Amino acid sequence: QVQVVESGGGWVQPGGSLRLSCAASGIIVGVSTMNWYRQAPGKQRELVATIDKSRSTNYADSVRGRFFIFRDNNKNTVYLRMNTLKPEDTAVYFCNANYSMHSYWGQGTQVTVSS
């Protein structure tokens, strides 16, 4: 059974940092394309960051230079380091794993940026 579980969300002041984790079981993160999405209230879910099996990364324009996606194959976990957070980064963040022609989603973790 495949599980994708996010953690690390919370409340942070503008300018602060958070690190989200996405722990996977039943798949191999190192050979998967892993994505972080986010969805703010009243908005569509948007792709934030991607890392593929060769560790190539891609970012949404709104987060490039502030967010960093990386993985630890030994822990089968993908991370999203978020720096210089802004109120507009407030959203539920979802981890998405694409492995062996299947797509798996976590339940999401809330990130709130406010003073």
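The share of accessible area on the chain that comes from carbon and sulfur is 48 percent, using a 1.4 angstrom probe.
Across the stretch 54-109, the relative contact order, built from alpha-carbon pairs under 8 Å that are at least six residues apart, equals 21 percent. Normalised by 2.2 N^0.38 Å, where N counts its residues, the alpha-carbon radius of gyration of the stretch 1-56 equals 1.32.
Here Lys75 is the anchor, and the lysines within straight C-alpha reach of less than 30 Å, apart from those fewer than 8 places off in the same chain, are Lys53, Lys86. The residues of the chain expose on average 53 square angstrom of accessible surface per residue, using a 1.4 Å probe on protein heavy atoms. The Cβ shell under 12 Å around Glu88 holds other residues with a net charge of +2, Lys and Arg each +1, Asp and Glu each -1. A Förster radius of 25 Å, combined with the Cβ-Cβ distance separating Ser17 from Met101, puts the computed FRET efficiency at roughly 0.10.
Contact order for the chain, expressed relative to its length and based on alpha carbon pairs under 8 Å spaced 6+ residues apart, stands at 37 percent.
The values are calculated or read from the model by the stated rules, or taken from the named source; none is laboratory data. On a predicted model such as this, the values are computed, not experimentally measured, just so you know. Ideal geometry is used to build each Cβ from the backbone, glycine not excepted, and the neighbour counts take in all protein chains shown. Accessible surface is based on the protein model in full, side chains and every heavy atom, while ligands, DNA and RNA are left aside. Shrake-Rupley method; radii C 1.70, N 1.55, O 1.52, S 1.80 Å.
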